[in-house]
Amino acid sequence: MLKDKSQWIFDLDNTLYPSSCNLFAAIDARMTTFIMQMLSLDWTAAKTLQKGYFRQYGTTLCGLMTEHGMEPDAFLGYVHDIDISIVSPDPFLKDALTRLPGKKYIYTNGTVSHAERLLDRIGIASAFSGIFDIRAADFVPKPRIDGYHRLLETHGIIGEHAVMVEDLAHNLEPAARLGMATVWVPTEADRTDPSLMQSPLPAHVHYRADDLARWLAEI
């Protein structure tokens, strides 16, 4: 099935580097701080609002834009201003991506600049033909299917020719509906949950890659 695929779409955070880095915790904390300052809330109230918007709108950013008319640039710049030194270069992943035939793209709910920093840090920037970020998606976050359609249109991707790789299994559902093969990369938290790891994969998840670099090297 995968031998015929010529286009590969990769999520960024917790997919192309290990979730054990816990890099998103730093982003998460800066989201809370931004909301505290913007809306004059204490930490607990800001955190509650942040998580509520994430659940309702798919991203905290989308919630803030919808409910408060917030311009996104200041938020995006602030929350991604983090130390990424905890992420290590990954020559094995670089080799696996280099050997993988076809074009590779990043699809992230983050920004191009955040993706570029991390790809440079990991040492895999040269493997990718493009980065499709939250701005390119017109601030429509995964897993809303509008962004997936825009991704395909922007980069000339044909669903039946493509593979999507993600750490969030629910983000793979729209990809499967568009004809893509889908690969789930479980996080550290996922791997400690027997109900997830011992159950059959959902119908929209076609493969599971516990170690992405090794999985790519072996296919």
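Using every pair of alpha-carbon atoms in the range 7-70, split the distances into 5 Å bins beginning at 0 and state the percent of pairs per bin, rounded to integers.
That works out to 4, 17, 22, 22, 16, 11, 7, 2, 1, 0, in percent per bin.
For the range 126-217, with all protein chains present and a 1.4 Å probe, just round the carbon and sulfur fraction of the accessible area to a whole percent.
49
What FRET efficiency comes out for the pair K3/F92, r = Cβ-Cβ distance, R0 = 30 Å, nearest 0.05?
Efficiency for this residue pair is about 0.85.
Taking 7 Å along the Cα-to-C-beta vector as the label spot, tell me the R144-S40 distance in nanometres, rounded to one decimal.
Distance between label points: 3.0 nm.
Stretch K51-N22 to full length: gain in nm at 0.36 nm per residue minus the Cα-Cα span?
8.7 nm
Per residue of the range 16-23, in order, report the coupling 6.51 cos²θ - 1.76 cosθ + 1.60 (Karplus, θ = phi - 60°) as ³J(HN,Hα) in whole Hz, putting x for Gly and Pro.
Those phi angles translate into 8, 9, x, 5, 5, 5, 6, 5 Hz.
Let me check something: with ligands and nucleic acids excluded, how do S88, S126 order by accessible area (1.4 Å probe), largest to smallest?
S126, S88
Amide H to amide H, which residues 5 or more places from I106 or on other chains are under 5 Å from it, using H placed in the peptide plane?
When sequence neighbours closer than 5 places are left aside, the close amide H contacts are F10, G130, I131, F132.
Find the relative contact order for the range 47-160 and round it to a whole percent, using C-alpha pairs within less than 8 Å whose residues are 6+ positions apart.
Relative CO of the range 47-160 lands at 22 percent.
Using 0.36 nm times the number of residues separating R208 and E160, minus their current alpha carbon distance, what extension gain do you get?
Length gained between R208 and E160: 15.4 nm.
Probe of 1.4 angstrom, ligands and nucleic acids ignored: what's the accessible area per residue over the chain, in square angstrom?
For the chain, the per-residue accessible area is 48 Å².
Any aspartates and glutamates with Cα under 13 Å of the K51 Cα? List them, leaving off those in the same chain fewer than 8 positions away.
D28
How far apart, in nm, are the 7 Å Cα→Cβ label points at T66 and E153?
2.1
So what are the ³J(HN,Hα) numbers for the range 166-176, from phi and the Karplus equation (6.51, -1.76, 1.60; θ = phi - 60°), rounded to whole Hz, Gly and Pro as x?
These are the phi-based 3J(HN,Hα) values: 8, 8, 9, 4, 5, 6, 8, 4, x, 4, 5 Hz.
Extension gain R135-D73, at 0.36 nm per residue separation less the Cα-Cα distance, in nm?
Roughly 21.4 nm would be gained on extension.
Under the rule of -39500 (n - 2.57) per DSSP H run of 4 or more residues, summed and divided by the residues of the chain, what mean residue ellipticity at 222 nm is obtained, to the nearest 500 deg cm²/dmol?
It comes out at -13000 deg cm²/dmol, rounded to the nearest 500.
What are the ³J(HN,Hα) couplings of the range 117-122, residue after residue, when phi is run through the Karplus curve with 6.51, -1.76, 1.60 and θ = phi - 60°? Round to Hz, x for glycine and proline.
3J(HN,Hα) across the range 117-122, in whole Hz: 4, 6, 4, 5, 4, 6.
Please calculate the 1.4 Å probe accessible area of D193, with all protein chains present, and give it to the nearest 10 Å².
Near enough 50 Å² of accessible area.
The values are calculated or read from the model by the stated rules, or taken from the named source; none is laboratory data. This one's a predicted model, so the numbers in the text were calculated from it and none came from an experiment. Methodologically, a virtual Cβ is constructed for each residue, glycine included, from the backbone with ideal geometry; neighbour enumeration extends over all protein chains shown. The area values use the complete protein model at the heavy-atom level, side chains included, leaving out ligands, DNA and RNA. Shrake-Rupley method; radii C 1.70, N 1.55, O 1.52, S 1.80 Å.
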